[in-house]
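Here the structure is laid out as structure tokens; the discussion comes afterwards.
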Amino acid sequence: LMIGEYAVDVLEHGQNPYDWDYTDMLRVNRDTLSFTPFVDTAPQHRVTYPALPTEILYLFDRLGLGHGRVVDLTFYLALLVLLFAGADKRYRPLVLLPVFALKDYTSSTLFGVGDIVWSALLVAMVLAWRRHRWRAVLFGLAASFRQQPWFIAPFLLLLIWDEGETRREKIRACTLFVGISVLI
């Protein structure tokens, strides 16, 4: 959350957030957190995330909604709606219980861990699975938000490949998915 909000400040001052040195971020935010160092043991001093988190925070800031926690809460509520709406009607009363039972997930969402955004986008992708372009767009957005969705890309491609009847259909579907996802 701190990195994202700092990046938005940098962006609003006409600078590229990926060129900025964030070494002073903790002092500016009056925080004592320590971040995971890079592989070379250097402290984190630059944005290492894809661009979408900064762009969403910037959009919310321009709309007057400002804080990153509003983004997280918005996507948390969207995730709950998607889970409820996407569930079989018989299981709707039960489908949200695991989300509420995992209080660490809920509390980390409300305290600034932005994983809820890409999680909601992946749930939306699953619900839109039969709409080939939408699933590619939603996966592309999730992958543009954090790196974690990148790990499931090969498995999604296997599922898409398995759906096709002919080799031509398989190649077309995989190409469409990869092409749209990468363009996002």
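The values are calculated or read from the model by the stated rules, or taken from the named source; none is laboratory data. This one's a predicted model, so the numbers in the text were calculated from it and none came from an experiment. Methodologically, a virtual Cβ is constructed for each residue, glycine included, from the backbone with ideal geometry; neighbour enumeration extends over all protein chains shown. SASA here: full protein model, heavy atoms, side chains in, ligands and nucleic acids out. Shrake-Rupley method; radii C 1.70, N 1.55, O 1.52, S 1.80 Å.
Tell me the per residue accessible area of region 110-182 using a 1.4 Å probe; a whole number in Å² is fine.
Here the per-residue accessible area is 60 Å².
P(r) for region 62-120: what percent of alpha-carbon pairs falls in each 5 Å bin, starting at zero?
Taking all Cα pairs of region 62-120, the binned fractions are 4, 19, 25, 23, 15, 9, 4, 1, 0 percent.
What is the diffusion coefficient of region 76-162 in µm²/s, taking the Kirkwood radius over Cα pairs and the Stokes-Einstein relation at 20 °C with a viscosity of 1.002 mPa s?
154 µm²/s
Quick one: accessible surface of TYR18, probe radius 1.4 Å, all protein chains present, in square angstrom to the nearest 10.
90 Å²
Which sequence of THR106, THR166 reflects their accessible areas, 1.4 Å probe, from the largest down?
Numbers: THR106 30, THR166 65 Å².
Sorted descending by solvent-accessible area, the residues read THR166, THR106.
Just to verify a number: FRET efficiency for HIS132 and TYR91, C-beta to C-beta distance, R0 = 25 Å, to 0.05?
Working: r = 27 Å, r/R0 = 1.07.
After rounding, the FRET efficiency stands at 0.40.
Which percent of the accessible area of region 93-149 is formed by carbon and sulfur heavy atoms (probe 1.4 angstrom)?
69 percent
How large is the accessible surface of SER107 in square angstrom, using a 1.4 angstrom probe and rounding to the nearest 10?
The accessible area of SER107 comes to roughly 40 Å².
Determine, for each peptide in 87-94, 122-129, the mean count of other beta carbons within 10 angstrom over its residues, then list the peptides with the highest first. Could you put the intermediate results ahead of the total?
Working: 87-94: 9.5, 122-129: 18.0.
Ranking, from highest mean packing down: 122-129, 87-94.
Fully extended, how many nm does the chain gain between VAL182 and LEU159 (0.36 nm per residue separation, minus their Cα-Cα distance)?
My answer for the length gained is 6.5 nm.
Applying the Karplus parametrisation 6.51 cos²θ - 1.76 cosθ + 1.60 with θ = phi - 60° to the phi angles of region 175-183, what ³J(HN,Hα) value in whole Hz is obtained for each residue in order, glycine and proline being reported as x?
5, 4, 4, 5, x, 5, 4, 5, 5
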